[in-house]
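What follows is a short report on a single structure.
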Amino acid sequence: MPVLHNRISNKELKERMLAEAEPRTTISFYKYFTISEPQDFRDHLYQKFVELSVFGRVYIAKEGINAQISVPSKNVDALKALLDETDPALFNLRLNIALEDDGKSFWVLRMKVRERIVADGIEDETFNPSNTGQYLKAEQVNQMLDDPETVFVDMRNHYEYEVGHFENAIEVPSDTFREQLPMAVDMLKDDKDKNIVMYCTGGIRCEKASAYMLHNGFNNVYHVEGGIIEYARKAKEAGLPVKFIGKNFVFDERMGERISEDVIAHCHQCGAQCDSHTNCKNDGCHLLFIQCPSCAERFEGCCSDTCREEMRLPEDEQRARRAGRENGAKIFNKSRYRLNDGLNITSLQSIK
C-alpha cells in the first residue's frame with residue numbers, strides 16, 4: 001500500500017521548494033458535485049497528484065472538491081487531462097490561474113476529507129446548493145457596478161475585504177463564512193427586489209452564497225464567475241477597466257495578489273498605508289495582521305512587545321509558556337477588535 005500522506009518535515013520540504021529552478025504555476029479550482037466515497041476519491045487523487053509533483057491544499061467532501069495548488073508548469077496540461085478523466089463533473093473544469101505568481105506558493109501536498117468543502121453551518125435540509133444565481137463575466141460585472149439598482153456583496157472574511165474589494169461593495173464583517181450567510185440575509189432584507197451580486201476570491205463561497213440568498217427569498221441573485229481571480233484576468237485580457245481596488249488576499253505563502261496600485265489598508269500598529277499581511281513571528285501567537293516595514297523592523301516581525309520578548313526566550317522556555325495555551329485561528333479584526341486573548345494582549349502595540 002503506497003504512503004498516502006507526507007512524511008518529510010515542513011522545513012525540509014520548504015527548503016526543497018525554494019531551491020527548485022523549475023517554473024511552477026499556482027492554480028485554484030472547485031466543483032460542487034456528489035462524491036459518494038470521498039476517502040477513496042481522495043486516495044486516488046493523492047497518488048495522481050504526487051506523480052505530477054503537485055503541492056497545495058485540497059479539501060474533498062461528499063459535496064465536491066476545493067483545491068489551491070502549485071504544479072510544475074510543464075505538468076499543467078497533464079493536470080487538466082487527469083481532472084477530465086477523474087469524473088465527468090470535472091471535465092473541462094475552469095482553472096483559476098494566479099495573477100502574481102513566483103511558483104513558491106506551496107511546498108507540501110495536504111489533501112483532507114471534510115464534512116463540507118466550505119464550512120457553511122447550513123442545517124436546513126430543504127436548502128438546495130445547486131440552485132445558484134447567474135454567473136457574471138467581467139464585462140457584465142463592470143456594467144452592474146454602475147447600476148444603482150445593484151448591490152455588490154463581498155463574501156470574504158474581514159481581513160480579505162480590508163486590503164481590497166470592488167468599488168462600493170458592502171462588507172459582511174465576519175471572519176467565517178458560516179457567520180456571514182445569515183448576516184448577509186439580514187443586512188439585505190430590504191433589498192430583496194434589487195440585483196444582488198455575490199463575489200469572493202475564486203468563486204466557491206459566492207456560488208453557495210448565491211444559492212442561500214435565493215433560498216431566503218431574494219429574487220435576482222448573481223455571482224462573479226471565477227471570483228476576483230478570473231474577473232481580473234479576463235478584464236485585463238479584454239482591455240476592460242478593472243474595478244477591483246487594492247489587493248486580492250490569497251491563502252498561500254503569497255498572502256495577496258496586487259490587482260490595482262491602490263493601497264487602501266493601513267498598518268495595524270502605526271497606521272501607515274500598507275496592505276501586507278503577515279503572521280506574528282512568535283510561535284506562541286502567529287496572529288494574522290497588517291504590518292509595515294518600519295514596524296516589522298521595530299517589533300522583529302511580532303505583533304507586540306510581549307510577543308517580541310517571548311520570541312527572544314530560549315526555546316525550552318518558549319515551549320513551557322505555550323503549554324496549555326489555547327491554539328486556534330488568531331486574526332486581528334478591526335471590525336470586532338479581535339486580538340490575541342491567549343497572550344493577554346489588549347491592543348496591537350504601536351511605535352512610540
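The values are calculated or read from the model by the stated rules, or taken from the named source; none is laboratory data. Computed from a predicted structure; not experimentally measured. FYI the Cβ positions are ideal-geometry reconstructions off the backbone, even for glycines, and counts take in every protein chain you see.
Worth a mention:
- Identity of the residue in segment 57-112, part of a loop (DSSP other than H, G, I, E, B) and of a type in the set (A, V, I, L, M), that ends up modelled with the lowest pLDDT: LEU99
- Sole residue being in contact with a His (Cβ under 9 Å, 6 or more places away or on another chain) and not assigned by TED's automatic domain parsing to the domain that holds ALA67, chosen from ALA272, ALA296: ALA272
- Taken over segment 233-255, the criterion of being in contact with a Gly (Cβ under 8 Å, 6 or more places away or on another chain) and small (Gly, Ala, Ser) is satisfied by GLY246 alone.
- Lone qualifier among ILE117, ILE60, ILE69 - being crowded, with 17+ Cβ neighbours inside 10 Å and out of contact with any Lys or Arg (no Cβ under 8 Å at 6 or more places or on another chain): ILE117
- Flag for HIS268 being in a loop (DSSP other than H, G, I, E, B), under 28 Å from ILE170 (Cα atoms) and touching a Cys at 6+ places or on another chain (Cβ under 9 Å): yes
- Here VAL224, VAL242 are screened, and the one residue that is touching a Lys or Arg at 6+ places or on another chain (Cβ under 8 Å), within 30 Å of GLN134 (Cα to Cα) and modelled with pLDDT of 95 or more is VAL242.
- Single condition GLU37 does not satisfy, out of (1) buried (at least 19 other Cβ atoms within 10 Å of the Cβ); (2) at pLDDT 95 or above: (1)
- Every residue from segment 39-54 that is assigned to a loop (DSSP other than H, G, I, E, B) and not polar (S, T, N, Q): LEU52, VAL54
- Index of the failed condition, CYS295 passing every other in (1) assigned to a loop (DSSP other than H, G, I, E, B); (2) at pLDDT 95 or above: (1)
- Residue list for segment 268-313, filter: surrounded by fewer than 17 Cβ atoms within 10 Å (Cβ to Cβ), farther than 23 Å from GLU160 by Cβ and of a type in the set (A, V, I, L, M, F, W, C): LEU313
- One residue alone among PHE29, PHE91 is surrounded by 20 or more Cβ atoms within 10 Å (Cβ to Cβ) and among the aromatic types (Phe, Trp, Tyr), and that residue is PHE29.
- Pick from segment 22-50, criterion in contact with a Leu (Cβ under 9 Å, 6 or more places away or on another chain) and without any contact (Cβ under 8 Å) to a residue 40 or more places away in the chain, ranking: farthest from ILE228 (Cα to Cα): ASP43
- Among the residues of segment 104-148, those identified as of a type outside the set (A, V, I, L, M) and under 25 Å from HIS44 (Cα atoms) are SER105, PHE106, TRP107, ARG110, LYS112, ARG114, GLU115, ARG116.
- Within segment 308-329, not a single residue is at pLDDT 90 or above and in contact with a Leu (Cβ under 7 Å, 6 or more places away or on another chain).
- Residues (at pLDDT 90 or above and surrounded by 13 or more Cβ atoms within 10 Å (Cβ to Cβ)) located in segment 122-133: ILE122, PHE127, THR132, GLY133
- Wholly enclosed helices (runs of 4 or more DSSP H) of segment 139-258 bearing at least 2 residues of a type in the set (A, V, I, L, M, F, W, C) and more than 17 Å from ASN96 (Cβ to Cβ): 177-187, 204-215
- Test for ALA265: is it surrounded by fewer than 24 Cβ atoms within 10 Å (Cβ to Cβ) and touching a helix residue (DSSP H, G or I) at 6+ places or on another chain (Cβ under 7 Å): yes
- Residue match in segment 169-185 (condition: surrounded by fewer than 24 Cβ atoms within 10 Å (Cβ to Cβ), of a type in the set (D, E, K, R) and farther than 15 Å from ARG156 by Cα): no
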